[in-house]
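The values are calculated or read from the model by the stated rules, or taken from the named source; none is laboratory data. All of these numbers come straight from a predicted model, not from anything done at the bench. No Cβ is skipped: glycine too gets one built from the backbone with ideal geometry, and neighbour counts run over all protein chains shown. Ligands, DNA and RNA are excluded from the accessible area calculation, which covers all protein heavy atoms including side chains. Shrake-Rupley method; radii C 1.70, N 1.55, O 1.52, S 1.80 Å.
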Amino acid sequence: MNIQNTAGEAHKKATTKKTGFWMNLLRVREAGISLIILILVVLVSLRAPAFLTADNFMDILMNISILVIVSLAQTMVLITHGIDLSVSSIIGLVAMMVAFILKQYPGTPIFSAVLLGMALGTVLGSFNGLVITFGNVPPIIATLGSQSIFRGLVFYYSQGTWINSFELPANFKLLSKGTPLGLPNLVIFAVVIAVLVYFFLKYTRTGRDIYAVGSNPDAAQFAGIRTHRVKLLVYMLSGLLSGFAAVLWASRFESAQTNTALGFELQTVTASVIGGVSTSGGAGTVPGVLLGALLLGIIQNSLTLVRISAFWQMAAQGLLILIAVISDKYILERVEKIKK
Amino acid sequence: MKAENSQELKPETLIAEKAEHYSLSTLFKHWEWMLVGLIIAVVLVNTNLSPYFLNANNLSRTSSDFMEIGLMMLPMVFIIVTGNIDLSVASNMGMSASFMGLLHNMGVNIWVAALAGLLLGTLGGVLNGYLVGRVKLPALVVTLGTYAFFRGLAYGFLGDQAARNYPPEFTYFGQGKVFGTLVPFSVALFAVLAILFGLVLHKTTFGRYLYAIGNNENAAIYSGVPVSKIKFRIYVLSGFISALAGLILAARFGSTRPDNGTGLELSVITAAVLGGLDINGGKGTMYGAALSLLLIGLLKFGMGLMNIQSQVQSMVVGLLLIISILLPHFVSQISSIRKDRIRWKSILAIVAVVLVFAAFFAFFFWSRAAVIASV
Amino acid sequence: MSEYILELKDISKSFSGVEVLHNVSFTLRPGEVHALLGENGAGKSTMVKVITGFHQPDNGEILLDGQPVQFSDTRESRQAGIAAIYQELSLFPDLDVAENIFVGRHPITTGGRIDWRKLYAEAGKLLDSLGVQLDLRQKARNLSIAQQQIVEIARAFSINARILIMDEPTSSLTLNEVADLFHLVRSLRDKGTAIIFISHRLEELFELADRVTVLRDGFWVDSCMLKDVTRDDLIRMMVGRTISNQFPKLDVCAGEVVLKVEHLCREGVFEDINFELRCGEILGMAGLVGAGRTNVARAIFGVEPATSGSIILADEAVTITSPQQAIKLGLAYVPEDRQHHGLITPMQITSNISLPTLNRYANHGWLQGKKERKASFEAARQMEVRANHVQQLARELSGGNQQKVVLAKWLSTNPRILILDEPTRGIDVGTKAAVHALMSKLAAQGMAILMISSELPEILGMSDRVLVMREGHVTGHFYRNEATQENIITAATQDVRAGSCQ
């Protein structure tokens, strides 16, 4: 029993001695999605040799980094049996505000811009959290409402204008694209945040409380967990990470527009769900979400490489999501049966 | 532990066959009255603000803008009453309209193309219904998947092209008026369907089953309600009506683009929830949903006359949505607070929250001043 | 220092206007096992939740070590040294066994992170001391009810509390497991821990407890030393009167076989179930909670169909895959969980009663409200449901009246076979007697009744024959004259050989 090797233990079925190695592998929730990724990689690289190059791989990583950050936030919310549909609007609003500050005060240190973004995001997230916990509004309704509120604020704030590349300081653009450590900063940020969230969810009591609250809210209260605080926290974290993602978004795309990140919320939910996060709460792991985002990134990338028209890509993505969810259900059912 | 011996009055009669008197409140709940009040308020305010508000031509023109939302809202009410959701309605609408557009571009007869669009939309509903009703996957996850899938098919069908030049006998469905009146055809269609859906929801066994499922799915199963069959049917219905809405939209615009109606699913759900439907199922009426559609329509129309951007209009609707659920809860909370239980800690927390939000908006308006100066 | 570690003074608590606890007082000494006794609905569980701070009392005072305290949540009471096992199982299905034990109190390393190694080691030690073997990494959702109960017990023990409250911890344990548990409870008591113990098995209380407090309908009745009272005294205190003809079972000559179950099997749940049910007969089904009785009933009713075996209704083999089909075949099932399966509580009495027979009141799908209301009214009146009117919401009724509505609903389907699952759980004495009288009458009219019950007196008093189940197997079959408390308990707790479904 090696404790260190329990990555993704929330999904791992308990190991009994009778079953073999392959069965155990199947019990790891991430096995299915890893297999799908592997098959996809093999198939695509046969069709398009350009796929298996370091450059292309870096491309994929760059493209999914922001998705990873926000999906991790979404995952924490989903684990508590909530949902945050407002992340896209938080990104839009924070990106706009930070970009305007940078345009007005080009001398602003990048570090303060990042902090500002995170602070603004946290305030917006706490609005969701307060409405949901103390206002007793169902999460899907609360964040559906705040999605339009925050998006409306973007328009009200910017008067419909947007910030272009030339209006942003050069060092700000480097925040995401610079490679002082060999890899693009953006990728490094995503990795660091993934590690932090992993540690938080696995090695802190508060992190475990998040699972407890989603798994059985009444029992959590019996066990002395302050469920309101835990829920408030996840929405604040969701805001914080979305705020950070907003700054990175403005830096990477060198602009802030009124429709920045429109529709992004559903992508984050998708990456989480494909990664094995349960929408009924209680289950979900960081490695799973990383794989989920990676799968989405690879699909997008490979559909381009094998020259499937950009227009059919979305359909293929949607279909793959459905296949992933359905096969997941059947795999789980089979595992349950074999165990008995 | 259940409370025993509650509310048992008049032991001599045991039980009466009917409630003693029918008040209007049995027909209309508080919620619907609140909506009526809000509608009157919006009408009064807007009439004062703009002379163009109570203009029959304007109202006639603007009313057809909301009919796609209205149509999709009807089956959505059924779905939400059962405690489920359909995020794919707007994508389905785009898919069906695009398919029709594609066939039209290929020279197929417009009526055949329209029929094919309806069929495809219904098939989309069958897919949702099968996965939710039979495979028993969570509705949110399924319709999130089909949300992307259907919209993707729409792009696949038309790419960056648009379908145009629909014959006038087709565009009549979106632009025409019912003979001799100012009522747009689409509004008349919506009105007829709304009454039909309302009757089905409130006056049939099917409607009763929907409420039973939404209030307690397990008990419904134990009582012999064919739950999976009913779920299947409402999603198929939703697919069909979404396709119908797609055709109406195409007819109204006179063209189809694959991104038609993107994001409308959220407007549809907002309208339904503002109408008093509980997102967890079991509560709400068709009157409420229809009234809320009227309220949103009038509110947006009024704001449009004042040149308020459409996104800010949505913001007002979003606020209304949250406040409408928040307010009743807060009223009951505040009235139940016991004075001797108030703690300094909670007061401090409230003050801190207020300060944080005040700081946020101070910053918001301060930095916005610079924006305005630069525009 | 006061004599009592915990003292409740004149505690009252009501929920939405209904008083559940009425000026209840209670004292607890260190190093004693204090039994809390009362019928379902007497207020025991509410009292536990008031002590742990899950509910706040409306009136009265709680003294801990002589000092008044006010707990605003269970966290504060735990810091004060109070641990509890609640009646509702409160495990986290997505977390594993070890973590369930330490939820909210994970051991922390000096570095401030969770020490998983220590957590698993301590959980293992704890379960060893309880004498059970459980896979520590098994998710709680995969455990049997008895295993879940053990995890709850382990959690309560791990807290090292000064006051330990156990609300029906033994309802699904075997005799051996109960003996192990009692051994542990006694050793805790000898170390000075004060224990509040709630159980319906009076024998257990005489074996374990020092003092007893009896509650009835939210009122305090008496507190006394257990050695000073008899079993009959306790029952009288609980019920408030001596019930003469408690089980009005009429003698009926059983008719022909209407239901025959052969080799019924549902993988992993129950195996090889065989029995017959005749018309006019009440067949009792006894066993511990989680023995699979309810699953058999659900399989017959088509909620969770059996995977093999056959069901024969009046000489005709049928496969029942849904409740709709079962209803058409003349079956009716009153489920044990009234709130979740029996009633749709936010809906009207009328709608609840008419739900399985709704098509009778409809013309091509259009409901005829008047016809529906008349019929429901008639059914409710016959069952003597007490309510203002039939359009009242079911959740506004008391437990007993809710059960009457459920019965009215199922009797209006005119069933040939009635399955009753815990028909009198959580209802008042008066209604209980009425339900028993009704069962007796229905049987006399020729209905075949299958009654699942965990209350032995009810099983013994009402059944013509008794089946006993244990871990998914039938382990005993007794005729009315040979059924005794002893042989039923023995059959319900004996070891079962494992077999498999073909």
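Rg and Dmax over the alpha-carbon atoms of region C:341-414 stand at 11.2, 36 Å.
Convex hull volume of the C-alpha atoms in region A:51-307, normalised per residue: 125 Å³. Legend: mean number of C-beta atoms from other chains within 10 angstrom of residue C-beta atoms, peptide B:136-146, equals 6.
Amide H contacts for C:Gly284 (H built 1.01 Å from N in the peptide plane; partners 5 or more residues away or on another chain; cut-off under 5 Å): C:Met451, C:Asp464, C:Arg465, C:Val466, C:Leu467. Pairs from the list C:Lys9/C:Lys432; B:Lys203/C:Lys409; A:Lys329/B:Lys231 with a Cα-Cα gap above 25 Å: C:Lys9/C:Lys432.
Among the protein heavy atoms, those of C:Lys371 account for about 110 Å² of accessible surface (1.4 Å probe, every chain in place). Placing a label point 7 Å from the Cα of A:Val41 along the Cα-to-Cβ direction, the residues of region A:251-280 with a backbone N closer than 20 Å are A:271-272, A:274-276.
Start at zero, step by 5 Å, and the Cα-Cα distances of region B:59-266 spread as 1, 8, 16, 19, 18, 15, 11, 7, 3, 1, 0 percent across the bins.
The alpha carbons of region C:1-77 occupy a box of 38, 26, 21 Å along the principal axes, longest dimension given first. Taking 7 Å steps out from each Cα toward its Cβ at B:Ala358 and C:Asp222 produces label points 6.4 nm apart. Across B:Ser346, C:Ser172, the residue with the most accessible area heads the list, and the full order at a 1.4 Å probe is B:Ser346, C:Ser172. Rounded to whole numbers, the Karplus 3J(HN,Hα) couplings from phi for region A:173-190 are 5, 6, 3, 9, 9, x, 10, x, 9, x, 9, x, 3, 3, 5, 4, 4, 4 Hz, using 6.51 cos²θ - 1.76 cosθ + 1.60 with θ = phi - 60°, and x at Gly and Pro. Note on exposure: A:Glu254, C:Glu99 ranked by accessible area (1.4 Å probe, complete protein assembly) read A:Glu254, C:Glu99, with the most exposed listed first. Using the Cβ-Cβ distance between A:Thr204 and C:Lys328 with R0 set to 56 Å, the FRET efficiency works out to roughly 0.50. For B:His30 and B:Ser310, the FRET efficiency from 1/(1 + (r/R0)^6), where r spans their Cβ atoms and R0 equals 45 Å, is about 0.90.
By the combined test of axial Cα extent (at least 24 Å) and Kyte-Doolittle hydropathy (mean at least 0.0), none of the DSSP H helices of chain C qualifies. Using θ = phi - 60° in the Karplus curve 6.51 cos²θ - 1.76 cosθ + 1.60, the 3J(HN,Hα) couplings for region C:264-276 round to 5, 8, 9, 3, x, 10, 8, 9, 6, 8, 10, 6, 10 Hz; x is entered for Gly and Pro. For chain A, the 222 nm mean residue ellipticity estimated from helices alone, with every DSSP H stretch of n ≥ 4 adding -39500 (n - 2.57) and the total spread over all residues, rounds to -24500 deg cm²/dmol. Annotation for C:Asp128 and C:Glu316: the two label points, set 7 Å from Cα along the Cα-Cβ direction, are 6.1 nm apart. Working note: Cα atoms of the protein assembly as shown, range along each principal axis, descending, whole Å: 91, 75, 65.
Considering helices alone, the calculated mean residue ellipticity of chain C at 222 nm is -9500 deg cm²/dmol, with DSSP H runs of length four and up weighted by -39500 (n - 2.57) and normalised per residue.
Other protein chain C-beta atoms within 10 Å of residue C-beta, averaged over C:141-149: 1.
Annotation for the C:A interface, with buried accessible surface near 3100 Å², both sides summed [1.4 Å probe; non-protein components not counted].
How big is the convex hull of the Cα atoms of chain B, per residue, in Å³? Looking at chain B, the number lands at 224 Å³ per residue. Remark: accessible surface ordering of B:Ser332, C:Ser90 (largest first) is B:Ser332, C:Ser90, probe radius 1.4 Å. Radius of gyration over Kirkwood radius for region A:122-186, both on Cα atoms: the Rg/Rh ratio is 1.18.
Can you compute the FRET efficiency between A:Gln104 and B:Thr262 using 1/(1 + (r/R0)^6), with r the Cβ-Cβ distance and R0 = 45 Å? Round to the nearest 0.05.
Numbers: r = 33 Å, r/R0 = 0.73.
Using R0 = 45 Å, I get an efficiency of 0.85.
For region A:157-188, heavy-atom accessible area (probe 1.4 Å) falls by no less than 10 Å² from the chain alone to the full protein assembly at A:Tyr157, A:Gln159, A:Thr161. Separation of the alpha carbons by more than 31 angstrom is noted, of A:Lys202/B:Lys283; C:Lys49/C:Lys227; C:Lys44/C:Lys227; C:Lys139/C:Lys260, for A:Lys202/B:Lys283; C:Lys139/C:Lys260. Per residue, the Cα convex hull of chain C amounts to 168 Å³.
Placing +1 on the Cβ of each Lys and Arg and -1 on the Cβ of each Asp and Glu in the protein assembly as shown, which of B:Met76, A:Phe166, A:Leu67 has its Cα farthest towards the positive end of the resulting dipole? Towards the positive end, the residue furthest out is A:Phe166.
In the assembled protein chains, C:Thr321 presents an accessible area of approximately 90 Å² (probe radius 1.4 Å). Find the sum over both chains of the accessible area lost when A and B are paired, probe 1.4 Å, and report it in Å² to the nearest 100. Summing both sides, the interface buries roughly 5100 Å².
The protection proxy used here, the mean number of other Cβ atoms lying within 10 Å of each residue, ranks peptides B:213-225, C:154-166 as follows, highest first: B:213-225, C:154-166. The reciprocal of the average 1/r between distinct C-alpha atoms defines the Kirkwood hydrodynamic radius, which for region B:68-171 equals 14.4 Å. With semi-axes defined as the square roots of five times the eigenvalues of the C-alpha gyration tensor, the equivalent ellipsoid of region C:277-403 measures 29, 19, 13 Å, largest first. Within 10 Å of the Cβ of each residue in C:109-122, the mean number of Cβ atoms contributed by other protein chains is 3. Summarising the overall dimensions of region A:232-340 from its C-alpha atoms, the Rg and Dmax are 16.7, 56 angstrom.
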